[in-house]
Structure formats: C-alpha cells, structure tokens
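The values are calculated or read from the model by the stated rules, or taken from the named source; none is laboratory data. No experiment lies behind these values; they were computed from the predicted model shown. Because the Cβ atoms are built from the backbone with ideal geometry, glycine has one as well, and the counts that use them run over all protein chains shown. Remember, those area values only see protein heavy atoms, side chains included, never the ligands or the DNA or RNA. Shrake-Rupley method; radii C 1.70, N 1.55, O 1.52, S 1.80 Å.
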Amino acid sequence: GLALCIRAMLFVERNFTPRHVYLRGARVLRKDIAQKYNIAIDGPAGSGKSTIAKLLANDLGILYLDTGAMYRACALAALRAGVDITDEAAVILLMRSVCVNVTYEGGVQHTLLGTEDVTGLIREPEVSKAASAISKHESVRMKMAEMQREIAGKMSCVLDGRDIGTFVLPDADFKFFLTASPEVRARRRYDEFAAKGRAVDFEALKRDIIARDEQDSTRAIAPLKKADDAVMIDTSDMTVEEVLAALKNKMQEKI
C-alpha cells in the first residue's frame, strides 16, 4: 500500500540469511525490525530464558547478550583468587582488577576473563553457585550493568538475566519474565548435565535452585523480580517452540 514501493528479488552467491530492511516512512510498519530496540527476558535459574533469548535473537537477526555469563566470569575470578565472596571489601578490591569482556565469533558469545576464553569453565556448578553470591555486591552489579547498557545502547539485542527489565534496562522496548516450578527447572538442569555425561544428584540440584531463588530475590541490590510492565510466562508445561511463539506473538501485539 506504499506509493513508489519497489519489490525486487536478488540472487547472490553467498550463504547467509536474508532479512527485511524497512526505510524512511516504511519504518512504522515494523518497528521491531527497522529501529534499534532491546528485549529484556528475566527469570530464575532453569526457567529457559537463556535458550529462548538465543532463539529469539537468532530469529530476529539481532544480538544475544548473555548477562549471566558476565557474573559467572566474576565469580570464577574470585574462586581462582581465593577471595571470600561474602566479604564485600575483598570483592570491591577484586573488581578493581578484574577485566571481563564479551566477544562474538560466528554469532556465538564468548566470555573472556582478561584474555582467557572462559566460556566453558563458567558453566561449572560451583561457579554458578558463586555467581549468585557475588552478584549481590553493588560493586559487581554496577560494573556489569554499565557494560550491558553500553552494548545495548549501540545495537538491537536480547538480554536475559534477573534484573534486566527492572534495573539494567528499565526502558526496554519489550519485557518478559519467564518462570517454572522448581521441579521442572531442576529436571532441565539434570538433563543438561546428563547429556554431557555428568552424574549429578537431582534432589541436590533442586535444593540449589530453591536456595538460589531465595538468594537472588532477597538481595539488596537489583533483586530478582518481575518488572511491572513485563509479560509473565510460565514455561513449566510448554515446549521451547511454544514459549518462543508466545514471546513473538506478544511482541507483535505491542507493535
């Protein structure tokens, strides 16, 4: 229905995924594609937010920023240095020298601690547990949040975490809060470890998840909670495909 609109088909000898580009007045038709925008996906551990965030970013052709990986890198640095992560003064001192960077190779995020790629190391259970504890400190959250805002300010991206919609990007264009029962979340983590050939105790995983929920939701700085304007989705009985479709439908409704 646009005047002077031209539709063309272009054949190219290159392996890439084409996407629509809307210019000038046509931008109002698809704000999600034509303008820079940010999508915040929050939720507790095991709710599926990272999986969905990656798929959504891939479908939309925008950047996925794994904010949790950044806190895990800080936790790994603390564990290596033998720092008591409950000691605020010690953590503040550590953060002065810790250098966390995020790079992308083939569209996949790599987390660097200094110059070392620690992408695989930060997924160990002890690092995950330490990440929840160290993220309670204001010095850690402020430093990581500043980095996250800087990245989100430059390009369209999907960010997942626990405080994206409430603290990091309170003005995000789209906000979601994913949740699921502790049993379901523990089962997901159990299956992840089992797929990697690692033997873990299901009940221990469940206890850790419940404990982490309590720790994340009661911390003084930017606690885990749903933003007032976020759409809540319980993923307990939903497939990945169903959750992804639900988010995209809600985005389209808002547009």
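For the reader, a short list of remarks on this structure follows.
So that you can scan it fast, the table gives a plain yes or no per residue for (1) among the basic types (K, R); (2) in a loop (DSSP other than H, G, I, E, B); (3) touching a residue at least 24 places away in the same chain (Cβ under 8 Å); (4) out of contact with any strand residue (DSSP E or B) (no Cβ under 8 Å at 6 or more places or on another chain):
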| position | (1), (2), (3), (4) |
| --- | --- |
| I210 | no, no, yes, yes |
| D213 | no, no, yes, yes |
| D228 | no, yes, no, yes |
| E253 | no, no, no, yes |
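- Whichever residue in the stretch 83-101 is among the β-branched types (V, I, T) and within 20 Å of A145 (Cβ to Cβ) and, among such residues, is surrounded by the fewest Cβ atoms within 10 Å (Cβ to Cβ): I92
- Some residue of the stretch 192-205 being modelled with pLDDT under 90 and surrounded by 19 or more Cβ atoms within 10 Å (Cβ to Cβ): yes
- Only one of the numbered conditions (1) open to solvent by less than 40 Å² (accessible area, probe 1.4 Å); (2) part of a helix (DSSP H, G or I) is not met by E183, and that is (1).
- Output for the stretch 121-147, where each listed residue is buried (at least 24 other Cβ atoms within 10 Å of the Cβ) and either within 19 Å of T103 (Cβ to Cβ) or hydroxyl-bearing (S, T, Y) (or both): S132, S135
- Of the candidates R80, R72, the single residue that is open to solvent by 70 Å² or more (accessible area, probe 1.4 Å) and free of Cβ contacts under 8 Å to residues at least 60 places away in the same chain is R80.
- Per this entry, I233 is counted among residues that are farther than 17 Å from E124 by Cα, β-branched (V, I, T), open to solvent by less than 40 Å² (accessible area, probe 1.4 Å) and not in a loop (DSSP other than H, G, I, E, B).
- Given (1) surrounded by fewer than 18 Cβ atoms within 10 Å (Cβ to Cβ); (2) under 20 Å from I221 (Cα atoms); (3) aromatic (F, W, Y), number of the condition Y104 does not satisfy: (2)
- For the stretch 211-229, a tally of residues being among the β-branched types (V, I, T) and open to solvent by less than 80 Å² (accessible area, probe 1.4 Å) returns 1.
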